[in-house]
Amino acid sequence: MSAAAEGVSRAEYCVIACAEAWRGDGEVLASPMGLIPSIGARLARRTFSPELLLTDGEAMLVTDDGTIEGWLPYRRHLTMVTGGRRHVMMGASQIDRYGNQNISCIGDWARPARQLLGVRGAPVNTLNNPVSYWIPRHSARVFVPRVDMVCGVGYDRAAAAGPSATRFHRIPRVVSNLGVFDFATEDRSMRLAALHPGVDVEEVRAATGFPLVVPEQVPYTREPTGAELRLIREELDPRGGRDREVPA
């Protein structure tokens, strides 16, 4: 087990892991959903991915501090959304070993035990853009053998639907409060790609409801640089909301 560097919180490692999702994407629209993914996208824009495009959630392109820098008309937004030029980071109430995601209901969809957000734009997002996921509380209730309803499309279902579904379909990573996961396996099942410092493999396995692919050597989420920590703490999240989402 690797201990966290002195003074770096688990939430800050999660910010770094989320930011890394956009590394190398170039000029694409970053669409983070949630506080820590939003901090991560803004951090990436400020540091290693300056070409990233951020929006105010409506029609304006903005800098990492919210300053308006351009206009994104709806027709142009749709072109990006349907052409693989957006990278979304969504949440997941359930996710399975092939990346199928559920945010709609728990239980039988005809008579659900719990109604959630609904399908929303998850199918379109996953078939038309790269989509990563952020899960702040890793547990076997979230990482399940089979989702109760498919909202975001995973690798197995995209492959079964054929080339029209796989053209832009990609799930670069899943970030949780325990580690980072990807689908870099022969059958596109979920793999443990990195552990956050302070977490071990058995802790992850115990909190996952299906068998994970685990390499012989699992790296740790990289350490933030001093400059990145300053940006996170002083400019991007000075009120410390990240530590309320993922307690130390």
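The table below gives the values:
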{"read-out": "Per residue solvent-accessible surface (Å²) - the chain, probe of 1.4 Å", "value": "48"}
{"read-out": "Under 5 Å, built H, 5+ apart or other chain: amide partners of G152", "value": "Q101, N102, I103"}
{"read-out": "Heavy-atom accessible surface of segment 172-248: percent carbon and sulfur, 1.4 Å", "value": "49"}
{"read-out": "Phi to ³J(HN,Hα) by Karplus 6.51 cos²θ - 1.76 cosθ + 1.60 over segment 206-215, Hz, x for Gly, Pro", "value": "5, 9, 10, x, 8, x, 8, 7, 10, x"}
{"read-out": "Cα→Cβ-extended label distance, 7 Å offset, between R146 and E203, nm", "value": "3.2"}
{"read-out": "Theoretical FRET efficiency, 1/(1+(r/R0)^6), r = Cβ-Cβ of A184 and A248, R0 22 Å, to 0.05", "value": "0.15"}
{"read-out": "Pairwise FRET efficiency - R111 versus R222, Cβ, R0 = 41 Å, nearest 0.05", "value": "0.35"}
{"read-out": "Within the chain, longest stretch clear of exposed trypsin sites (Lys or Arg not before Pro) (DSSP loop, no more than 15 other Cβ within 10 Å)", "value": "24-119"}
{"read-out": "DSSP-defined beta bridges in the chain - what % are antiparallel, rounded to 5", "value": "50"}
{"read-out": "Segment 26-111 shape via C-alpha gyration tensor axes, a/c threshold 1.5", "value": "prolate"}
{"read-out": "GNM result for the chain, Cα springs below 10 Å: residue of M190, M33, M90 fluctuating most strongly", "value": "M33"}
{"read-out": "Spin-label model distance (nm) - T82 vs T55, 7 Å beyond Cα toward Cβ", "value": "1.4"}
{"read-out": "Length released on extending from R75 to E234, taking residue separation times 0.36 nm less the Cα-Cα span", "value": "53.6 nm"}
{"read-out": "In Å², nearest 10: area of T79 left accessible to a 1.4 Å probe", "value": "80"}
{"read-out": "Area accessible to solvent at V199, 1.4 Å probe radius, in Å²", "value": "0"}
{"read-out": "Solvent exposure, largest accessible area first (probe 1.4 Å, DNA, RNA and ligands not counted), of E186, E27, E245", "value": "E186, E27, E245"}
{"read-out": "Centroid-to-centroid separation of segment 6-81 and segment 195-248 [C-alpha atoms, Å]", "value": "19"}
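The values are calculated or read from the model by the stated rules, or taken from the named source; none is laboratory data. This is a predicted model, so every value here is computed, not measured. Reconstructed Cβ throughout: ideal geometry from the backbone, glycine too, with neighbour counts over all protein chains shown. Each accessible area value is taken on the protein alone, full model and side chains, heavy atoms only, with ligands, DNA and RNA left out. Shrake-Rupley method; radii C 1.70, N 1.55, O 1.52, S 1.80 Å.
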